[in-house]
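Everything on this sheet refers to the single structure shown next.
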């Protein structure tokens, strides 16, 4: 059986700090090992690797300059040449990151995927190259935004990133290190002290992201909101998925931001019905979520006329 090679994918646009991040990480005691490491650099910025330093860490450097050369045959040949125990890939931010595993040899096993973001240029890149950025974030378990200057904008940046990948961890850093950025009730566009809490149609996206990230703050409160119905055959009786379609990247990239909902009226609902609900939120383990997550319990539910614009715009 062919031995697996552990692969670490580092995404990010040019000058985002990928090389600096890899250089720092490979120097840390927790990352050092006796077995050989290979760095595959797919674009070169201003920062350069110290080849002598890499040699002292039993690490070699190879470059891949063309997207067409990032293919299973070429990657396998490079791996055979160096016989590494692990590979760190500094990916080119202008290359598509979609279906990345399909462009690797079968014995490449992705262990971790991280996206590095420059806080200064984030708005420009996410506006003009959103589809490329979305592909990186959707692959990643962790997004690190460095060079953060405008702290007031970071909550919005985090929501933008999490709209692309609900489960991603987002870390912000400035010159002094990591920024602790707790979300307070005052940061939200609705009043969590109200009874019930009114979730306006334009605020559903924020509600959805925050209830996933901070379900405990929603426990014991009632919420009034409108959603669409998605009937899921795998759910038990009296359950359906309540949510809204959301545009997270472009008009061709629509996802359904849905939460499992329990209601006595579920059996009478049709797919794509619009419902007006008064609900409470409970954090529960659900196999549908592959873990714990927020579940809505409908105290009142009525079918209403369709929303004029049901799509949540996260762009």
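Restricting to the stretch 194-223, and then to whatever is under 20 Å from residue 248 (Cβ atoms) and more than 21 Å from the chain's Cα centre (by Cα), can you tell me which residue is surrounded by the fewest Cβ atoms within 10 Å (Cβ to Cβ)? Among those residues, the one meeting the criterion is 202. All told, residue 113 meets the bar of being touching a strand residue (DSSP E or B) at 6+ places or on another chain (Cβ under 6 Å) and either crowded, with 18+ Cβ neighbours inside 10 Å or over 25 Å from residue 25 (Cβ atoms) (or both).
Applying the condition of being out of contact with any helix residue (DSSP H, G or I) (no Cβ under 8 Å at 6 or more places or on another chain) and either surrounded by fewer than 15 Cβ atoms within 10 Å (Cβ to Cβ) or modelled with pLDDT under 90 (or both) to the stretch 26-45 and asking which residue is farthest from residue 56 (Cα to Cα) yields 44. Just one of the listed residues (203, 174, 152) is assigned by TED's automatic domain parsing to the domain that holds residue 248 and out of contact with any strand residue (DSSP E or B) (no Cβ under 6 Å at 6 or more places or on another chain), and it is 203. The criterion of at least 1 residues that are under 30 Å from residue 133 (Cα atoms) is met by the following strands (runs of 3 or more DSSP E) wholly inside the stretch 226-315: 239-247, 254-262, 291-304. Just wondering, is there one or more residues in the stretch 56-63 that are surrounded by 15 or more Cβ atoms within 10 Å (Cβ to Cβ), closer than 23 Å to residue 120 by Cα and touching a strand residue (DSSP E or B) at 6+ places or on another chain (Cβ under 9 Å)? No, the conditions are met nowhere in the stretch 56-63. Determine, yes or no, whether residue 191 is under 30 Å from residue 297 (Cβ atoms) and surrounded by fewer than 16 Cβ atoms within 10 Å (Cβ to Cβ). When the stated conditions are applied, residue 191 passes them. Quick check on the stretch 113-122. Is at least one of its residues under 21 Å from residue 4 (Cβ atoms) and at pLDDT 95 or above? There is at least one residue in the stretch 113-122 that is under 21 Å from residue 4 (Cβ atoms) and at pLDDT 95 or above.
Regarding residue 83, is this residue in contact (Cβ under 8 Å) with a residue 40 or more places away in the chain, closer than 21 Å to residue 34 by Cβ and out of contact with any strand residue (DSSP E or B) (no Cβ under 7 Å at 6 or more places or on another chain)?
Numbers: in contact (Cβ under 8 Å) with a residue 40 or more places away in the chain: yes; closer than 21 Å to residue 34 by Cβ: yes; out of contact with any strand residue (DSSP E or B) (no Cβ under 7 Å at 6 or more places or on another chain): yes.
Against the criterion (in contact (Cβ under 8 Å) with a residue 40 or more places away in the chain, closer than 21 Å to residue 34 by Cβ and out of contact with any strand residue (DSSP E or B) (no Cβ under 7 Å at 6 or more places or on another chain)), residue 83 qualifies.
The values are calculated or read from the model by the stated rules, or taken from the named source; none is laboratory data. Please read all numbers here as calculations on a predicted model, not as lab measurements. When we count neighbours, we look across all protein chains shown, and the Cβ atoms used for this are built from the backbone with ideal geometry, even at glycine.
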